[in-house]
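Input: a single structure, listed below in structure tokens.
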């Protein structure tokens, strides 16, 4: 059932990487469709490399006009649908948000990403009004330093974590060799060779923690919907 | 939680998440989002324009019908043509 969109109108904020990491992790247990709505089609390119999980279907978005039908068809087929959106403020993003059970907003700990994330939160609120339902969303920090953070990074991160109106995931997608490697050699963090990739086990733990928190959030929002009903 | 802390994903329980049934409300939701969204369409504009010569009463009726349903004239024209096709097919 869950449709999870990864959205941020700023390019390079980590949407594609975090979407793929979650998709591959979920695909170890359940069928997943990932819709590649980035015009550069990075996931479609990745899918042509070896070791794509059998449970994972990659659908290439055709256009703004087709995105709703693509999401609907995927959601009728698979229990998990992940939408990797383009890095621009576009109507396609609004359409995908309107169908989502959870919108994840990946962002680096940088001012430009933060401003784009805030703009997206405002758009999510408009889309909620349009479809007359709550659309849960959460901030996901990406490309973070696993060890020591800079002063700016700490400042930006704190502002989001301290904001009571926002959900910010505790798990972060760290800057890791493994996350770059999957786009070069294919597969997931589970199929990479630890002799060829630095700190692979840490990367696997990182993805596991991220996926676990997303599942927890989906369960909470599912329970909340059931209580309202 | 940063990467160093392991939290096991309980995959067994993911069975609670099922595919969803298709709904008939997609066109309505698309329209609602079009009205509310501030994010603009980036699609290439493929719209054209044509003049229609017809009796004033027909033009007035067409405009009023479209306006009462809050459609643009072009969108309403397509709805009428689709309805005509359906009746023709049926």
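Of all residue pairs spaced 6 or more apart or on separate chains, those with beta-carbon atoms under 6 Å, a first member in segment B:1-25 that is over 14 Å from residue A:217 (Cα atoms) and a second member that is at pLDDT below 80 and surrounded by 12 or more Cβ atoms within 10 Å (Cβ to Cβ) are B:18/A:1; B:20/A:1. Scanning segment A:177-190 for residues that are within 13 Å of chain B (Cβ to nearest Cβ) and touching a residue at least 60 places away in the same chain (Cβ under 8 Å), we see that the one that is farthest from residue A:24 (Cα to Cα) is A:179. When residue A:165 is tested against (1) modelled with pLDDT under 95; (2) at positive phi, just one condition goes unmet, and that condition is (2).
Within segment B:24-72, being over 21 Å from residue A:93 (Cβ atoms), in a loop (DSSP other than H, G, I, E, B) and under 19 Å from the mean Cα position of the chain (by Cα) holds for B:24, B:47, B:69, B:70, B:71, B:72. Total residues in segment A:116-128 satisfying the condition of being facing chain B (nearest Cβ under 10 Å) and more than 10 Å from residue B:37 (Cβ to Cβ): the figure is 5. With the structure loaded, tell me whether residue A:152 is over 28 Å from residue A:58 (Cα atoms) and surrounded by fewer than 12 Cβ atoms within 10 Å (Cβ to Cβ) or whether it fails that test. The answer is yes for residue A:152. Note on segment A:18-39: residues that are within 14 Å of chain B (Cβ to nearest Cβ) and not in a strand (DSSP E or B) amount to 15. Tallying residues that are farther than 26 Å from residue A:126 by Cα and part of a helix (DSSP H, G or I) within segment A:40-75 yields 6.
Looking across segment A:191-207, just one residue is in contact with a helix residue (DSSP H, G or I) (Cβ under 7 Å, 6 or more places away or on another chain), closer than 16 Å to residue A:28 by Cα and not in a helix (DSSP H, G or I), and that is A:192.
Has segment B:41-50 got at least one residue that is within 9 Å of chain A (Cβ to nearest Cβ) and either at pLDDT 90 or above or out of contact with any helix residue (DSSP H, G or I) (no Cβ under 6 Å at 6 or more places or on another chain) (or both)? Yes.
Residue-level check: of (1) in contact (Cβ under 8 Å) with a residue 24 or more places away in the chain; (2) in contact with a helix residue (DSSP H, G or I) (Cβ under 7 Å, 6 or more places away or on another chain); (3) not in a strand (DSSP E or B), residue A:129 misses just (1). Screening A:143, A:170 for residues that are more than 10 Å from chain B (Cβ to nearest Cβ), within 21 Å of the chain's Cα centre (by Cα) and not in a helix (DSSP H, G or I) leaves exactly one candidate, A:143.
The values are calculated or read from the model by the stated rules, or taken from the named source; none is laboratory data. A quick note: this is a predicted structure, and the numbers were derived from the prediction, not measured. Neighbour counts run over all protein chains shown; Cβ positions are idealised from the backbone, glycine included.
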